[in-house]
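A short write-up of the structure that comes next.
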Amino acid sequence: MATIGQRGTWSSRAGFILAASGSAVGLGNIWGFPTQVGQGGGAVFVLIYLACVVLICLPIMVAELVLGRRAQLDPVGAFSMLRPGSSWWLVGALGVLAGAGILSFYSVIAGWSVAYIWYTATGAVTGDADAIGTFFGTFTANGPLSVGLALLVLTTTGAVLLGGVQSGIERVTKLLMPALIALLLILAVRAATLPGAAAGLAYYLRPDFSRLLDPAVINAALGQAFFSLSLGMGAMLTYGSYLSKRESLITAACWVVALDTSMALLAGFIIFPSGFSIEGFDPSASGPGLIFAVLPRLFSTLPGGQLFGAAFFILLTMAALTSTISLLEVPVAHCIDVHKWTRRKAVILVTTGVFLLAIPSALGNGAVAALTRMPGIGVDFLTMMGTIWNNFALPVGGLLTAVFVGWVWRVDQAIDEVETHGASFPAKRLWSVLIRYVCPVAISVIIVYTIVSL
Ligand code: PFF
């Protein structure tokens with residue numbers, strides 16, 4: 001089996017599906033989705049999110065995989081190869097930058113998850129909701145600790161890429177994904193039996209239609225869908241470039257989307273019933289601390305909760321790691337394919353650059369918050385990075401990918417790529433309409449609507 005840097009193929013379709021869903025399932029599902037549902041008004045956010053996944057993200061997932069497999073190159077190389085001499089390579093360049101930008105704040109949150117393995121195992125986070133919330137606040141206020149933890153996450157990610165990702169990712173995700181699903185199911189059952197679970201489920205499942213047209217909610221749902229599915233920045237394009245011509249791209253894309261969406265929905269079934277079982281819980285006010293404040297409270301009610309808590313944060317860290325690997329792989333693959341660097345040089349330099357960029361996000365929650373706070377915006381650097389990349393850069397990347405495949409490179413080329421070696425492309429007419437019309441129009445309208453309403 002070849003390693004990723006040698007332009008090999010995944011060992012099998014299952015290997016690809018596991019690696020790609022490893023990229024997709026991460027902090028975005030377990031931390032980001034419930035947080036966004038909380039801030040976006042509950043069930044109405046879930047409905048808009050699902051519409052974005054099916055109508056916009058699934059067609060773009062197919063488009064990215066097709067581009068990668070046809071070009072067998074990183075995002076910049078792929079756009080330049082398919083439209084030589086044009087400026088389309090800039091879309092790939094945006095993806096490479098987004099990979100580094102997202103990883104810079106993602107590694108900070110993944111670092112918190114690492115620390116919580118220790119804190120839950122040793123029973124340091126116990127007590128009532130206030131005590132657990134204060135613990136989280138004090139912990140994130142320790143900037144140097146967050147910097148150190150982010151460094152740990154980034155060096156581990158870099159080490160995996162140095163050693164050849166493919167066999168590592170495939171082997172690790174094959175073990176981790178079933179374990180993660182099993183643990184999430186157990187926690188969901190436990191959460192459903194807590195007092196207050198009914199209120200949590202009602203919040204999660206009963207839509208308040210008054211927020212259906214709220215531009216902030218729609219934009220957040222679209223950004224979250226792109227982020228959760230690792231779309232709009234060439235990660236799926238890069239992973240698709242290692243996919244064998246014999247495999248059906250459509251089946252693979254459907255699997256990744258279905259797995260990712262179920263994991264996000266499942267996380268909501270844990271967080272909201274747990275949250276509502278705590279007196280005075282306000283899902284919209286919890287912000288990024290939701291998972292770090294609510295889950296430890298749930299664990300403290302379980303027999304063997306310390307063990308459960310530690311196991312949960314180990315799996316959350318692992319889910320994050322399979323995502324950081326794909327985030328780092330995009331700029332690394334670019335340096336290898338286009339600049340002809342060795343894998344070693346690419347990994348060392350890109351990891352160092354991302355670490356420097358991670359420092360303000362790590363410090364922004366603590367004593368140096370004042371320095372990294374943007375005047376007048378009132379959000380810390382980490383939140384600002386999340387908004388810029390998730391809510392704008394990824395949808396813009398997705399929009400340009402849809403326009404490129406639908407109108408520039410053209411859909412018949414894409415269909416031809418899917419059908420090479422006899423694989424079928426069910427609903428290809430529907431896909432063509434979605435990629436040519438629905439995706440570009442819907443994404444443009446949402447972006448313009450958001451900007452105007454700002
Ligand atoms: N999809 C990951 C998550 O939900 O946590 C985050 C992510 C990974 C985004 C890789 C983009 C990407 F290229």
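The values are calculated or read from the model by the stated rules, or taken from the named source; none is laboratory data. Predicted model only: the values in this text are computed from it and were never measured. Every residue, glycine as well, gets a Cβ built from its backbone with ideal geometry; the counts of neighbours run over all protein chains shown.
What the table shows:
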read-out: The stretch 29-45 residues that are free of Cβ contacts under 8 Å to residues at least 24 places away in the same chain, paired with ones that are part of a loop (DSSP other than H, G, I, E, B) and within 14 Å of the ligand (Cβ to nearest atom) (beta carbon under 7 Å, 6 or more apart); value: none
read-out: Residues that are at pLDDT 95 or above, small (Gly, Ala, Ser) and closer than 29 Å to Leu90 by Cβ, drawn from the stretch 31-67; value: Ala63
read-out: Unmet criterion (only one of (1) under 30 Å from Thr126 (Cα atoms); (2) crowded, with 22+ Cβ neighbours inside 10 Å; (3) within 15 Å of the ligand (Cβ to nearest atom)) for Ser274; value: (3)
read-out: Tally, over the stretch 295-338, of residues that are away from the ligand (no atom under 16 Å from the Cβ), β-branched (Val, Ile, Thr) and at pLDDT 75 or above; value: 3
read-out: Gly223 being within 16 Å of the ligand (Cβ to nearest atom), buried (at least 24 other Cβ atoms within 10 Å of the Cβ), under 20 Å from the mean Cα position of the chain (by Cα) and on the phi > 0 side of the Ramachandran plot; value: no
read-out: Qualifying residue in the stretch 132-151 (condition: within 26 Å of Asp260 (Cβ to Cβ) and touching a Ser or Thr at 6+ places or on another chain (Cβ under 8 Å)); value: yes
read-out: Exclusive hit being under 15 Å from Ala235 (Cβ atoms) and either without any contact (Cβ under 8 Å) to a residue 12 or more places away in the chain or part of a helix (DSSP H, G or I) (or both), set Ala20, Ala51; value: Ala20
read-out: Qualifying position, being under 26 Å from Leu185 (Cβ atoms) and more than 16 Å from the ligand (Cβ to nearest atom), among Ile17, Ile30, Ile48; value: Ile48
read-out: Index of the failed condition, Thr155 passing every other in (1) within 17 Å of Thr322 (Cβ to Cβ); (2) modelled with pLDDT of 90 or more; (3) crowded, with 17+ Cβ neighbours inside 10 Å; (4) not charged (D, E, K, R); value: (3)
read-out: Condition check for Arg429: part of a helix (DSSP H, G or I), without any contact (Cβ under 8 Å) to a residue 60 or more places away in the chain, within 19 Å of Val91 (Cα to Cα) and of a type outside the set (Asp, Glu); value: no
read-out: Failed item in (1) over 30 Å from Ala427 (Cβ atoms); (2) buried (at least 16 other Cβ atoms within 10 Å of the Cβ), with Glu64 passing the rest; value: (1)
read-out: Options Ser230, Ser284; residue that is more than 13 Å from the ligand (Cβ to nearest atom) and either hydroxyl-bearing (Ser, Thr, Tyr) or in a loop (DSSP other than H, G, I, E, B) (or both); value: Ser284
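Matching residues to (1) within 20 Å of the chain's Cα centre (by Cα); (2) under 23 Å from Phe299 (Cβ atoms); (3) among the basic types (Lys, Arg); (4) not in a helix (DSSP H, G or I):
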{"residue": "Thr134", "(1), (2), (3), (4)": "no, yes, no, no"}
{"residue": "Gly137", "(1), (2), (3), (4)": "no, yes, no, no"}
{"residue": "Leu161", "(1), (2), (3), (4)": "yes, no, no, no"}
{"residue": "Thr173", "(1), (2), (3), (4)": "yes, no, no, no"}
{"residue": "Met177", "(1), (2), (3), (4)": "yes, yes, no, no"}
{"residue": "Ile181", "(1), (2), (3), (4)": "yes, yes, no, no"}
{"residue": "Ala191", "(1), (2), (3), (4)": "no, yes, no, no"}
{"residue": "Pro195", "(1), (2), (3), (4)": "no, yes, no, yes"}
